[in-house]
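Participant: One structure follows; several queries about it will come next.
The values are calculated or read from the model by the stated rules, or taken from the named source; none is laboratory data. Because the structure is predicted, anything quoted here is derived from the model rather than measured. Cβ coordinates were reconstructed from backbone atoms using ideal geometry, including for glycine residues, and neighbour counts include every protein chain displayed. Remember, those area values only see protein heavy atoms, side chains included, never the ligands or the DNA or RNA. Shrake-Rupley method; radii C 1.70, N 1.55, O 1.52, S 1.80 Å.
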Amino acid sequence: MGVKAVDLRKGMGVKWEGNACVVHSMQHVAKGNKRSYMQVELRNIKTGQILPNRFRVDEMLDEAYLERKPFEFLYAAGDKHILMDTESFEQIEIPADIIGDRAVFLTANLPVEISFVEGVAVLADLPNTVELKIVETPPEVKGATAQAQLKEATCEGGARIRVPSFIALGEVVKVDTRTGEYLGRA
């Protein structure tokens, strides 16, 4: 089954020049009278190489099948993350770059959905919100201002977020993993 270049989204699996690839980034470019095109970076699954490409908007690419499986995060070991299959209880190792900067939101037993193409882990989807414990934040100063002020706080995984001044050390807060914003107390 094919997919138009204009319909490509980050994380989609496609076959290009006989190789299975994942869309790393994409941008629709339209310049004045000229025809618009898609500037796409594809990551080759086997080599990990990022390949910049330019496709016509209506150009068709073959879609690669992504197998999605639920896992549970266990722990990080160097440049690898160890996860457990929630169905078979087998443990797998995935490279840290698959989760990337979002690793600061990982806590023990957090559900993570891993996408595989041809048996190789290519994407990790974290839940939209996580509950994290505050491990470092300055104390609240009562009556310092009439309006609510935000202060820096460090969470248990290392995430640095801005929280209201009434949040104290040791409290558990909800955090949006897509934006890194404080959502409320847990």
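Participant: With Cβ to Cβ distances under 14 Å as the rule, what net charge do the other residues near Ala108 carry (K, R +1; D, E -1)?
Facilitator: Neighbour charge sum, excluding Ala108 itself: -2.
Participant: Of the GluC sites (Glu not before Pro) in region 1-95, which ones lie in a loop per DSSP and count no more than 12 other C-beta atoms within 10 Å?
Facilitator: For GluC sites (Glu not before Pro) across region 1-95 that sit outside H, G, I, E and B with at most 12 neighbouring Cβ atoms in 10 Å, the list reads Glu17, Glu87, Glu90.
Participant: Moving on. With r as the distance between the Cβ atoms of Lys4 and Arg35 and R0 = 22 Å, compute the FRET efficiency 1/(1 + (r/R0)^6) and round to 0.05.
Facilitator: Computed FRET efficiency for Arg35 and Lys4 comes out at 0.95.
Participant: Longest span of the chain, sites excluded, free of chymotrypsin sites (Phe, Trp or Tyr not before Pro) in DSSP loop with at most 13 other C-beta atoms within 10 Å?
Facilitator: 90-165
Participant: Ok, one more. How fast does region 61-169 diffuse by Stokes-Einstein, in µm²/s, taking the Kirkwood radius from C-alpha pairs at 37 °C and 0.692 mPa s?
Facilitator: So the translational diffusion coefficient is about 205 µm²/s.
Participant: Expressed as a whole percentage, what fraction of the accessible surface of the chain belongs to carbon and sulfur atoms when a 1.4 Å probe is rolled over the protein heavy atoms?
Facilitator: The value for the chain is 48 percent carbon and sulfur by accessible area.
Participant: Also, I was wondering about something else. Could you name the lysines in cross-link range of Lys174, using Cα to Cα under 24 Å and dropping any fewer than eight places away on the same chain?
Facilitator: The reachable lysines, counting only those whose Cα sits under 24 Å from Lys174, are Lys133, Lys142, Lys151.
Participant: Suppose we flag trypsin sites (Lys or Arg not before Pro) only when DSSP calls them loop and at most 13 other Cβ atoms lie within 10 Å. Which is the longest uninterrupted stretch of the chain?
Facilitator: No qualifying site falls inside 47-141, the longest such stretch.
Participant: I would also like to ask the following. Let me see the P(r) profile for region 1-81: every Cα-Cα distance counted, bins of 10 Å, each bin given as a percent of all pairs.
Facilitator: The distribution over region 1-81 is 17, 42, 25, 12, 3, 0, given as percents.
Participant: I'm spelling it out carefully: the read-out is log10 I(q)/I(0) by the Debye sum over Cα atoms at q = 0.12, 0.13, 0.15, 0.18 Å⁻¹, the candidates are (i) -0.59, -0.69, -0.91, -1.29; (ii) -0.52, -0.61, -0.84, -1.26; (iii) -0.73, -0.80, -0.93, -1.11, and one was derived from this structure. Which label?
Facilitator: The listed entry that was calculated here is (iii).
Participant: Treating cross-link reach as a plain straight distance, find the lysines whose alpha-carbon is under 23 Å from the alpha-carbon of Lys31, omitting any fewer than eight places away in the same chain.
Facilitator: The qualifying lysines are Lys4, Lys10.
Participant: What aspartates and glutamates does Lys69 reach when the alpha-carbon gap must be under 16 Å and sequence neighbours fewer than 8 apart in one chain are set aside?
Facilitator: Partners found: Asp85, Glu87, Glu90, Glu93, Glu113, Glu118, Asp125.
Participant: Separate question: Please name whichever of Trp16, Asn33, Phe71 sits farthest to the positive end of the charge dipole of region 1-72, dipole taken about the Cα centre and charges placed at Cβ: Lys and Arg +1, Asp and Glu -1.
Facilitator: Farthest along the dipole direction, towards plus: Asn33.
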